[in-house]
Amino acid sequence: MSSSRFLAVVVVALAAVGQPHSEPPSTAIKLDQAGYLPLASKVALVVADGPVSEFTVRSVRDGSVAYHGTLAQPVADPDTRDRVRAADFSELRTEGNYYLDVPGTGRSWNFAIAGDVYAHAYYLSARAFYGQRCGTAVDLGLEFPGYRHDACHLLGAYHSSSGRTGPSPSLRGWHDAGDYGRYVVNSGITTATLLWAWELFGENLRGISLNIPESGNGRPDLLNEIRWNLDWMLSMQDEDGGVWHKQTSETFPPFIMPDADKSISLVIGTDHVPYKSSCATGDLAAVAAIAARVFRRLDRAYANQNLQAARKAWDWLRQNPNVTFRNPPGVTTGEYGDADCRDERFWAAAELWRTTRETVYERYFLDHFRQQVGALHQPRPESWASMGPMGIWTYLLGGGSNHAAVETLREEVRKSADEVVVRSARNPYRHSLAAVDYVWGSNGVAADYGVALLIANALHPDQRYVETALDNLHYLLGRNTFSLCWVSRLGDHSYQHPHHRPSGAQPGRQPWPGLLAGGPNRNRQDPVLKALPDLPPAKVYADDQGSYSSNEVAINWNASLVFLLAGVMGR
Ligand SMILES: [Zn+2]
């Protein structure tokens, strides 16, 4: 017997003793595939018929039992039509790598209990923005060999709809989603969410290297990455202060790598005077105002450049309060159309006030906040088209000086978070999505609930808000009807086929890492979903590159995920 065969026999024999490794995991057991924080609640969900009522949590190392528990009674979930049983092992606080064993059902995917259990998820999902960089060569290095491309989209030109002609800058930025476009409106909420993650949770992030070209330059890597996109956003501002809506090709390219897409990146406007859009201009004003605060101590000149851009954008908005954008003739890339730019302007006022403390901006905020309060109580939280909540939150986080407004708004934020907590506790899958939330990008909505809850917690510390934010994270990382981790390359069972050109252009490989999938979409806005049989809303999802309305990726969803991870790390 050769030594290698002897070893193989020993390994098989050892595996048989504890039987931990031989059985394939069962998708009937749903849990967070990254895992759980030692002091947080820990619940897995089991969808299984029959009398089974016991479960154990076992060590991956040797199959030994670390916890023994009883499944809760099944609860019917109308959104999935699953009958769900909870396996609560919150009492297990010992750090380690584990799996669940449910007799008659099987074993789960592996997971960890550890204080740094979300560090890798944060690293992958924040570094995913580097993978989306435009205007430069990208290389994920030895960790992901071959995940690279040469510099892309270096040529820009003004489209006739912009009011200009000739070549334009095409400078940096992130590819928005599965396509290679850059859109100011979606960049707005994305960049702001990441800047806020730094403002609120910078202590958790300060020392984390994202392994990007700027790493080691003395500045935090999250800010290094954010600056890449901020530079592009600033380049989209015209001399009069207005901001063009987007920079894309006229039509979506095929599934080719970014550097193989030789189309010119066109600055696209509204096709009539004043050519720039109010929503894009409001978003730039808000984001640049945040950047002016965040970069003040790190790079004063850059902070000043941002503040000047924000003020100019604000002034333009006074003249042009509601110039909306629709795709001009011949342009079929993403529209990010928004008929109401009042909330973007309101948000800009709040951020400019928080940065400058000048009364003109606070006056605007105080005159308009009543229009925006309702947005806190919509079924879904903030979104790229609904920035009112961010305006309210930033006024409160910045210590608003009007006592009456602060009292009113703090109470509204608390009520809104309580509503979400109550609804989530009733949901058999324990997340915050209502049936109406299963829309294009529903996973981003789940992450946004997490963002809203962590902001509420910053204003009214309440462990229920943190636990419910974690529950939304658990949903995204595998505690869902598909037992699927919706962050690429994370966990033992993650989705495989994103609608993402760099992933699809090299078939047969795993997808690019750290990208959050769109998630179930009851509206079935692509041919793959339309072909599915009758299904309840939370099941209308396909891990299929062709399902752009359930399996695309997007920077705004990833930003909310990064915020959520940043906020729960180390709790
Ligand atoms: Zn590019």
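The values are calculated or read from the model by the stated rules, or taken from the named source; none is laboratory data. Keep in mind that this is a model prediction, so the values were computed, not measured. Cβ atoms come from the backbone with ideal geometry, glycine included; neighbour counts cover every protein chain shown. Calculation scope for accessible area: heavy atoms of the full protein, side chains included, ligands and nucleic acids excluded. Shrake-Rupley method; radii C 1.70, N 1.55, O 1.52, S 1.80 Å.
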Checklist entry - Hey, in the chain, which Cys have no second cysteine's beta-carbon closer than 4.7 Å? => result C134, C152, C485
Item to check | 0 to 90° range, to nearest 10: angle between helix 221-235 axis and the chain longest Cα axis | outcome: 30
Item to check | Over the chain, relative contact order from alpha-carbon pairs under 8 Å, at least 6 apart, % | outcome: 16
Item to check | Three-way shape call for region 277-415 based on the alpha-carbon gyration tensor, with the a/c threshold at 1.5 | outcome: oblate
Item to check | Estimated FRET transfer efficiency when R0 is 25 angstrom, pair S215-A151 (beta carbons, to 0.05) | outcome: 0.80
Checklist entry - How far is helix 388-397 tilted off the main Cα axis of the chain, in degrees rounded to 10, range 0 to 90? => result 90
Checklist outcome for this item: Between E411 and Q510, the FRET efficiency computed from the C-beta separation at R0 = 30 Å comes out, to the nearest 0.05, as 0.05
Checklist entry - Quick one: ranking H153, H272 by accessible area, 1.4 Å probe, largest first, what do you get? => result H272, H153
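Length gain on complete extension for the stretch R571 to V422, per 0.36 nm per residue less the alpha carbon to alpha carbon distance?
51.4 nm
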Checklist outcome for this item: Expressed in angstrom and rounded, the centroid-to-centroid distance over alpha carbons for region 263-304 and region 198-257 is 12
Next on the checklist: Can you tell me the length gained on complete extension of the stretch H120 to L142, counting 0.36 nm per residue apart and subtracting the Cα distance?
Outcome noted: 6.3 nm
Item to check | Sites matching trypsin sites (Lys or Arg not before Pro) across region 205-249 that sit in DSSP coil, with at most 16 neighbouring C-beta atoms within 10 Å | outcome: R206
Checklist entry - Label 7 Å along Cα→Cβ of Q525; region 224-259 residues with amide nitrogen under 16 Å? => result 252
Next on the checklist: For the chain, take the longest principal axis of its alpha carbons; what is the angle in degrees between that and the long axis of helix 300-319, to the nearest 10 within 0 to 90?
Outcome noted: 70
Next on the checklist: Modelling each spin label as a point 7 Å along the Cα-to-Cβ direction, I'd like the R93/T165 distance in nm, to one decimal.
Outcome noted: 7.3
Checklist outcome for this item: In region 258-364, the GluC sites (Glu not before Pro) that sit in a DSSP loop and have at most 12 other Cβ atoms within 10 Å of their own Cβ are E358
Next on the checklist: Starting from the 7 Å offset along Cα-to-Cβ, what nm value, one decimal, do you get for the label separation of Q73 and R326?
Outcome noted: 5.5
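How much length is gained if the chain between Q463 and R206 is pulled fully straight, taking 0.36 nm per residue apart and subtracting their Cα-Cα distance, in nm to one decimal?
So the extension gain works out to 90.1 nm.
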Checklist outcome for this item: Placing one equal point scatterer on each C-alpha of the chain and summing with Debye, one gets log10 I(q)/I(0) at q = 0.08, 0.13 Å⁻¹ equal to -0.53, -1.36
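Can you show me the helix-derived [θ] at 222 nm for the chain, built from DSSP H runs with n ≥ 4 at -39,500 (n - 2.57) apiece and divided by the number of residues, rounded to the nearest 500.
-12500 deg cm²/dmol
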Checklist entry - Taking the Cα-to-Cβ direction at Q308 and at D340 and moving 7 Å from each Cα, how far apart do the two end points lie in nm? => result 3.6
